[in-house]
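Q: Let me begin by handing over the structure; questions about it come next.
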Amino acid sequence: MRHTLTRRRIAAAVAAAALAVAGLSACSSGSGDGAVTLQYGIWDPVQQPAMQKIVDAFEKKNPNIDVKIQVTPFAQYFTKLQTAVTGGSAPDVFWMNGPNSKLYASNGVLAPLDGVDTSKYSRGLVDIYTYEGKLYGVPKDFDTIGVWYNKKLFDAAGVAYPKAGWTWDDYLADAKALTDKAAGVWGSAAVLNDQQNYYNTIPQAGGYVISKDGKKSGFDDPATLAGIRFWVDQIKDGVSPTQQQMTDTSPEDAFLSGKIAMYWSGSWSANKYAQDAAAKATLDVAPLPKGPDGNQSVIHGLANVANAKSPHLDAAKKFAEFASGKEAAAIQAESGAVIPAYEGTQQAWVDSAKEFDLKVFIDALPTAVPYPASKNTAAWTTIQDQTLSQVWALSVTPEEGLKTLATKMQAALDAENK
């Protein structure tokens, strides 16, 4: 499913106090005959059928463990989880995302998962769920980013379809050639979106958002500035709608209606576009173009985690590992909803929508960079969004905006690392 920032931004700072509460217990039960019941918290109803098949497979192998799925809409998921943790009723096993993982791990809510063979998962994913050298979540799925494009618009403009090895310069030249103001068509969409856009071009330029130890802002790095300018200059040059135009009309809606030729989005879009007859006929996806330092894609994905205070912790850990393991991954892949994280099981997902070259998302794995996060991600991403919105509106220069952002972000990081 989609993991964009708009769906993952949680009030982590508010949750921090609640997460520090000790002596918690999960809402599990035992029958007295050795059988136990685990609660499994998830947020995506689209994935529930596949999750139930995974539960069934686990229960067949472990007849003394019963697993009950709890589905909470994403908008309420982390608020409900915070309350449940505080009250001692959190699920034994539940889904976790990158922006919140280190917060929950650092407050003792998550149990370390020793013995997991991390070689079966992308290093970028493992890094997201590792805190102080310990793994706290087993990667369940992942998403990387590609350039979705409209073949009909490329054909009309006489522009060759993008292919592996293309560069930023190629992309910008294509965007210019595809822009037709008279027809109301833009070559590109410079959307103010971190995961889909600038979290990719920043590492491609050789910059970084946050240091690996989570203590230093990278927004004052000259290479980071280049990764931001890639997008802002598209608006200035008129090959992308303005920030106001993209606020008034969703860039994805404009893309799907044939008004934008190239749109950076994730692997999550494949399932949506495959269900749209017009999209299936006119769209395809290409790898990201190469910047000065490569064509890295940001990677994010969910993980299965175990509640450290579960009264059946061994069973909870066992299920968390199984639900991200090879057998479970095969079930996920066949559903087509998400790409399973377990290496060697992704081909079924690639084959789920053969209209598109979905292999580009798998090919992005070797050089993928982890989604930026710290113990209190929400504190500085709020600053990031507020500052960059002014840059995208062209009311503040990228140089001025990033200088301000770096200073404020660093203050937030210093505060959380005291």
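Q: Output the peptides 371-377, 75-81 sorted from most to least packed, where packing is the average of other Cβ atoms within 10 Å over each peptide's residues. Please report the intermediate quantities before stating the final value.
A: Numbers: 371-377: 24.7, 75-81: 17.1.
Most protected by this proxy first, the peptides run 371-377, 75-81.
Q: In terms of the Cα gyration tensor, with a ≥ b ≥ c the square roots of its eigenvalues, is the stretch 198-352 rounded because a/c is under 1.5, prolate because a/b exceeds b/c, or oblate? Don't skip to the answer; put the middle values down first.
A: Values: a/c = 2.36, a/b = 1.35, b/c = 1.74.
It comes out oblate by the Cα gyration axes.
Q: If you don't mind, there's one more thing I want to ask. Round to the nearest 10 and give me the degree value, 0 to 90, for the angle of helix 168-178's Cα axis relative to the longest principal axis of the chain.
A: So the helix axis and the longest Cα principal axis differ by about 60 degrees.
Q: Then there is this: How long is the gain from Thr367 to Ser389 if the chain were fully straight, where each residue apart is worth 0.36 nm and the alpha carbon distance is subtracted? Working shown, then result.
A: Details: separation 22, 0.36 × 22 = 7.92 nm, distance 2.86 nm.
Gain on stretching Thr367 to Ser389: 5.1 nm.
Q: Counting DSSP beta bridges in the chain, what percent are antiparallel, to the nearest 5? Walk me through the numbers on the way to the answer.
A: Working: 26 of 40 bridges.
Roughly 65 percent of the DSSP beta bridges within the chain come out antiparallel.
Q: With a cut-off of 13 Å, note down the residues of the stretch 273-290 whose backbone N falls inside the zone around a label point 7 Å from the Cα of Lys163 toward its beta carbon.
A: Only 287 fall inside the zone, counting backbone N under 13 Å.
Q: Let me ask another. Quick one: grab the alpha carbon gyration tensor of the stretch 149-223, order the square roots of its eigenvalues as a ≥ b ≥ c, and give me rounded if a/c is under 1.5, else prolate or oblate depending on whether a/b is larger than b/c. Walk me through the numbers before you get to the answer.
A: On the way: a/c = 3.24, a/b = 2.42, b/c = 1.34.
Taking the square roots of the gyration eigenvalues as a ≥ b ≥ c, the stretch 149-223 is prolate.
Q: Between rounded, prolate and oblate, where does the stretch 288-392 land on the alpha carbon gyration tensor, with a ≥ b ≥ c its root eigenvalues, rounded for a/c under 1.5, else prolate if a/b exceeds b/c?
A: Here the stretch 288-392 falls in the oblate category.
Q: Under the 0.36 nm per residue contour assumption, what length would be gained going from the current alpha-carbon distance of Glu343 and Thr407 to full extension?
A: On the way: separation 64, 0.36 × 64 = 23.04 nm, distance 3.95 nm.
So the chain would gain 19.1 nm between Glu343 and Thr407.
Q: Excluding same-chain residues fewer than 8 positions from Lys216, which lysines have a Cα within less than 28 Å of its Cα?
A: Leaving aside lysines fewer than 8 places away in the same chain, those within reach of Lys216 are Lys102, Lys134, Lys290, Lys375, Lys403, Lys408, Lys418.
Q: Also, quick follow-up: Helix 313-322 versus the longest principal axis of the chain: what angle, 0 to 90°, nearest 10, using Cα atoms?
A: Around 40 degrees separate the two axes.
Q: Let me ask something else about it. Quote to one decimal, in nm, the extra length available between Gln52 and Glu400 on full extension: 0.36 nm per residue of separation minus the C-alpha distance between them.
A: On the way: separation 348, 0.36 × 348 = 125.28 nm, distance 5.06 nm.
Using 0.36 nm per residue and subtracting the Cα-Cα distance, I get 120.2 nm.
Q: Which lysines have a Cα less than 21 Å from the Cα of Lys259, not counting those fewer than 8 places away in the same chain?
A: Lys151, Lys152, Lys176, Lys181, Lys236, Lys272, Lys280
Q: Work out the FRET efficiency for Ala278 and Thr83 from their Cβ-Cβ distance, taking R0 = 45 Å, and round it to the nearest 0.05.
A: Values: r = 43 Å, r/R0 = 0.95.
The calculated FRET efficiency here is 0.55.
Q: Also, quick follow-up: For the pair Gln76 and Asn64, how long in nm is the line joining their label points, each one 7 Å along Cα→Cβ?
A: 3.6 nm
Q: Lysines within cross-link reach of Lys140: Cα-Cα under 16 Å, excluding same-chain residues under 8 positions apart?
A: Result set, ordered by chain and number: Lys53, Lys120, Lys317, Lys318, Lys326.
Q: Give me the dipole magnitude in Debye, nearest 20, for the chain about the Cα centre, with unit charges on the beta carbon: positive for Lys and Arg, negative for Asp and Glu.
A: Working: 38 positive and 43 negative charges, 102 e Å.
Dipole size: approximately 500 debye.
Q: Going 7 Å from the Cα of Lys134 along its beta-carbon direction, which residues of the stretch 108-122 have the amide nitrogen within less than 20 Å of the resulting point?
A: 108-119
Q: Hey, for a label at Asp155 modelled as a point 7 Å past Cα toward Cβ, could you say which residues of the stretch 343-360 have their backbone N under 20 Å away?
A: What the label zone holds, given the 20 Å backbone N cut-off, is 354-358.
Q: Counting each DSSP H run of 4 or more residues in the chain as -39500 (n - 2.57), what helix-only mean residue ellipticity at 222 nm follows after dividing by all residues, to the nearest 500 deg cm²/dmol? Mind showing how you got there, number by number?
A: Working: 20 runs with 182 residues, N = 418.
Here the helix-only value at 222 nm equals -12500 deg cm²/dmol.
Coordinate-derived values only; no laboratory data. The model shown is predicted, which means the values in this text are computed figures rather than measured ones. Cβ: placed from backbone, ideal geometry, glycine included. Neighbour counts: every protein chain shown.
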